[in-house]
Amino acid sequence: MRLRTVLGGIVGTVGAAAVGNRLLKRRASEFDHRLTGIERTYRWRGMEVSYTVAGDPDDEEMLLLHGIHAGASSYEFEPVIERLAENYRVVAVDLPGFGRSERPPLVYSAGLYAEFVRDFAADVTDEPIVVASSLTGAFAVDAAEDSEFAHLVLIGPTADTGGKRPWLRTLLRSPVVGTTLFNLLASKPSIRYFYDRDGYYEPDRIDDEEVAYAWTSAHQPGARYAPASFASGTLDPDFDLQTELAALETPTTLVWGRDAELVPLREGRTLADAADLDLVVIDYATQLPHAEHPEKFVEYLTTELLAGDLGVDSDADSNTGIGSDSDVEA
């Protein structure tokens, strides 16, 4: 009798989880394009990949590559894309497995994303400035060796998210249990907690629409497959980022939020010193300085890159909130 009761409870729990997963899927069924610009698709290895184009076709091109998390998408650049489009032809892509791109049940890897960046940039852009966030910065560095990038701008780049846990990828990819666990990880409170803890210095700057968009993105069909690889650490590339940056011939600038904890500023200083790179520091910012302080971020990309002055002067105006390392306060 006791065993029957336990089995009945398990079956009931699994059934309730399956029903709950279906209800969440229905709630997230409408997922509209929200970025400024024209949405287009790029076919890559049988996948339809969504990207947005904004700005004058005759302007210098800039490719925006979002970071990786459960609700990740090119919407990360929503605060800056319209401003950037005033000076650049901007291309913002939803990486395979994220956003409005297709999400087949692949075993996603760092190599796959580096190959995608390489192919997409070659087919869709012409010697772009590439702006890449967090782990995607490592994919862009890997792709740069065989690509024609005018410049790399890496926002808090990392190649190490804490070690590999392939068992977690297997668990999250499982049909009922994996979907249920992923839905918990990608709930609105969880997404807001991620932005509060690691994304923004000021919690008041977290936009409800941003949270809602990330939640909807994380509840599309197949949404758990790519984040499962991320959560398990199997998207981490098998190279040392410092070594790769030091050997890279592409001009590269690092951008860091001064108060970042997930990938702290000291790591940015170490990378900049070892590879002799420019380091731009944005005050009162953490992992998403471009989203929290879009005007400062765009100011750097327009006044420094367009002017051809790729370094950041230590005598920068103290009212900008942008510094070469640690001297400037907003």
Residue among 78, 86 that is part of a helix (DSSP H, G or I) and out of contact with any Asp or Glu (no Cβ under 7 Å at 6 or more places or on another chain)
78
Complete set of residues in segment 104-117 that are in a loop (DSSP other than H, G, I, E, B) and surrounded by fewer than 22 Cβ atoms within 10 Å (Cβ to Cβ):
104, 105, 106, 107, 109
On the given criteria, is residue 120 open to solvent by less than 30 Å² (accessible area, probe 1.4 Å), within 18 Å of residue 289 (Cβ to Cβ) and in a helix (DSSP H, G or I)?
no
Does residue 140 count as part of a loop (DSSP other than H, G, I, E, B) and either touching a helix residue (DSSP H, G or I) at 6+ places or on another chain (Cβ under 8 Å) or crowded, with 24+ Cβ neighbours inside 10 Å (or both)?
no
So, in segment 143-163, exactly how many residues are among the hydrophobic types (A, V, I, L, M, F, W, C) and open to solvent by less than 10 Å² (accessible area, probe 1.4 Å)?
6
Would you mind stating whether residue 204 is of a type in the set (Asp, Glu) and free of Cβ contacts under 8 Å to residues at least 24 places away in the same chain?
yes
Looking at segment 265-315, which of the residues that are modelled with pLDDT of 95 or more and among the β-branched types (Val, Ile, Thr) is most open to solvent (accessible area, probe 1.4 Å)?
270
Residues of segment 67-80 being farther than 19 Å from residue 117 by Cα and crowded, with 24+ Cβ neighbours inside 10 Å, in sequence order, are 70, 71
Reported set for segment 89-103 where residues are open to solvent by less than 10 Å² (accessible area, probe 1.4 Å) and part of a loop (DSSP other than H, G, I, E, B) is 94, 95, 96, 97, 98, 99, 101
Return yes when residue 54 is among the hydrophobic types (A, V, I, L, M, F, W, C) and farther than 21 Å from residue 235 by Cβ and no when it is not.
yes
Here the residues within segment 33-47 that are outside any strand (DSSP E or B) and surrounded by fewer than 13 Cβ atoms within 10 Å (Cβ to Cβ) are 45, 46
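Residue-wise test of (1) open to solvent by less than 10 Å² (accessible area, probe 1.4 Å); (2) within 19 Å of residue 233 (Cα to Cα); (3) within 16 Å of the chain's Cα centre (by Cα).
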site	(1), (2), (3)
84	yes, no, no
125	no, no, no
129	yes, no, no
135	yes, yes, yes
List, please: which pairs have Cβ atoms under 9 Å, are six or more places apart or on different chains, and start with a residue in segment 65-78 that is free of Cβ contacts under 8 Å to residues at least 60 places away in the same chain and end with one that is open to solvent by 10 Å² or more (accessible area, probe 1.4 Å)?
74/35; 74/51; 74/100
Can you name the helices (runs of 4 or more DSSP H) wholly within segment 164-264 that have at least 2 residues being buried (at least 19 other Cβ atoms within 10 Å of the Cβ) and of a type in the set (S, T, N, Q)?
176-185, 208-217
I'm checking my understanding of the structure. Among residues of segment 153-184 that are closer than 20 Å to residue 286 by Cα and not polar (S, T, N, Q), which one is farthest from the chain's Cα centre (by Cα)?
162
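The values are calculated or read from the model by the stated rules, or taken from the named source; none is laboratory data. No experiment lies behind these values; they were computed from the predicted model shown. Because the Cβ atoms are built from the backbone with ideal geometry, glycine has one as well, and the counts that use them run over all protein chains shown. These accessible areas exclude ligands, DNA and RNA; they are computed on the full protein's heavy atoms, side chains included. Shrake-Rupley method; radii C 1.70, N 1.55, O 1.52, S 1.80 Å.
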